[in-house]
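Data block below; observations after.
The values are calculated or read from the model by the stated rules, or taken from the named source; none is laboratory data. Quantities reported herein were computed from a predicted structural model and do not represent experimental measurements. Note: ideal-geometry Cβ built from the backbone for every residue, glycine included; neighbour counts use all protein chains shown.
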Amino acid sequence: MSAEIDLERVLCRLADLQISGCREFRLGGGEWPLRGFVVRTRDGVRAYVNRCAHLRYPLNYAEDRFLSYDGSMIVCFVHGALFEKESGYCVAGPCAGLSLAPVPVRLEGDLVLLSEAVDPAEFAARYE
C-alpha cells in the first residue's frame, strides 16, 4: 500500500462489506452529494451510482440495503427491478435492458478507492 492515501477517494473498507455485502458512500459536498454504493462480487468489488435506471430514484430504503434476500442481485426497492452485481445490467423490472451507472474504483490493501482517473467533483456534478 502506498504511504499516502487521498482520503477524499476512500469509499469504504473491504471489511465494511462483510455484513450486508454493500456499503453506501457519498461524493462531493453540499446538500446534494452524489450517492453511490459498493458491492462485493465474486471477483472483487463494483460500485454504482445509487439511482435506478428506471426513474432515477435511490435503490434502497434502508442504509446499506441493496441486495436481494439471497444476496445474488441488486434490487430497486421502489420498483422491484433486479440488476446483476458484476455489471449493473437490469435483468427484470421496468428498466430491463438498461444498466446502473458504474463508478470506477480500485482496491488498495483493505480500502476501496475511487479510481485515480476520476475527478470526484466532476463525476459528482455529472449526476446532479
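Details
- Odd one out for V78, checked against (1) in contact with a strand residue (DSSP E or B) (Cβ under 9 Å, 6 or more places away or on another chain); (2) assigned to a loop (DSSP other than H, G, I, E, B); (3) among the β-branched types (V, I, T): (1)
- So V91, is it closer than 24 Å to A125 by Cβ and either among the aliphatic types (A, V, I, L, M) or not in a strand (DSSP E or B) (or both): no
- Leading residue by the ranking (nearest to R51 (Cα to Cα)) among those in the stretch 83-114 that are in contact (Cβ under 8 Å) with a residue 60 or more places away in the chain and within 15 Å of the chain's Cα centre (by Cα): V103
- Residue in the stretch 35-42 that is out of contact with any helix residue (DSSP H, G or I) (no Cβ under 8 Å at 6 or more places or on another chain), without any contact (Cβ under 8 Å) to a residue 60 or more places away in the chain, buried (at least 21 other Cβ atoms within 10 Å of the Cβ) and closer than 26 Å to A125 by Cα present: yes
- Of all residues in the stretch 12-32, those satisfying the criterion of being over 15 Å from K85 (Cβ atoms), of a type outside the set (G, A, S) and surrounded by 15 or more Cβ atoms within 10 Å (Cβ to Cβ) are C12, L14, D16, E24, F25, L27.
- Within the set R40, R51, R26, the sole residue that is at pLDDT 90 or above and within 16 Å of V10 (Cα to Cα) turns out to be R40.
- Some residue of the stretch 94-116 being modelled with pLDDT under 95 and hydroxyl-bearing (S, T, Y): yes
- Considering residues of the stretch 68-104 that are among the β-branched types (V, I, T) and out of contact with any helix residue (DSSP H, G or I) (no Cβ under 9 Å at 6 or more places or on another chain) only, the residue farthest from I19 (Cα to Cα): V91
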